[in-house]
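Novice: The structure follows.
The values are calculated or read from the model by the stated rules, or taken from the named source; none is laboratory data. Computed from a prediction, not measured in an experiment: that's the story for all the values here. When we count neighbours, we look across all protein chains shown, and the Cβ atoms used for this are built from the backbone with ideal geometry, even at glycine. Just the protein is used for accessible areas: all its heavy atoms, side chains included, with ligands, DNA and RNA removed. Shrake-Rupley method; radii C 1.70, N 1.55, O 1.52, S 1.80 Å.
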Amino acid sequence: HVEFIFNLVYNKATIKKLNRKIDKEIKKLIKLIKAKSKNEYDEILMVNSIICSTIKVYNPAVFDFEDGHLVGALLNKKARCEGVTKLTTVLLRILGYQASMIHGYAWYDRPSNTRHAWNLLYFENKYYHMDFSYNLSYCI
């Protein structure tokens, strides 16, 4: 069971309702990941595949608070980098991996002041920076 509290935006009844929905969706995704994975590497790839197949990239012109949280990623099926990163962190941790969220700035070919979030995963005795939100652009 995973519980998320959104006490700054929602009332208590809505928080309970959202937590139940999020918990149900996470359990469904974990079951799917485990059923389709042969090994740990497959589990990580499945997390990416699920994100690519279910989440739409948010419209940067329209800011929605939920796009940066599990409500956006899991229930609304749209998220910006922070929502994707939170979902990735939760799924990987439930699967037993050491995963963290990193906040920083996006760099392409030069420094930028564009805020961004991505994951850090410890896997097979190494740390990996993973950015499944950028993968959304390449998913078919």
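Novice: Whenever you get a sec, line up ASP64, ASP23 from highest to lowest accessible area (probe 1.4 Å, protein heavy atoms).
Specialist: Values: ASP64 50, ASP23 20 Å².
The most accessible residue leads, giving ASP64, ASP23.
Novice: Pop the C-beta distance of PHE123 and LYS21 into the FRET formula with R0 = 30 Å and round what comes out to the nearest 0.05.
Specialist: Working from the Cβ atoms, E equals 0.50.
Novice: Right, next: Using the C-alpha atoms of segment 63-107, what convex hull volume per residue, in cubic angstrom, is computed? Walk me through the numbers before you get to the answer.
Specialist: Values: hull volume 3.5 nm³, N = 45.
Roughly 77 Å³ of hull volume per residue.
Novice: How large are Rg and Dmax for segment 14-88 when only the alpha carbon atoms are used, in Å?
Specialist: Reported Rg and Dmax, both Å: 12.9, 40.
Novice: For LYS77, give me every one of the lysines with a C-alpha distance below 19 angstrom, ignoring sequence neighbours fewer than eight places off in its own chain.
Specialist: LYS17, LYS21, LYS24, LYS27, LYS28, LYS31, LYS56, LYS86
Novice: Sort GLU124, GLU43 by accessible area with a 1.4 Å probe, largest first.
Specialist: Correct descending sequence by accessible area is GLU124, GLU43.
Novice: Something else now. How do TRP107, TRP118 stack up against each other in accessible area, from largest to smallest, with a 1.4 angstrom probe?
Specialist: TRP107, TRP118
Novice: Could I ask something else about it? Using amide H atoms built in the peptide plane, which far-off residues or other-chain residues are under 5 Å from MET130 H to H?
Specialist: Amide H neighbours of MET130, under 5 Å, 5+ apart: ASN119, LEU120, LEU121.
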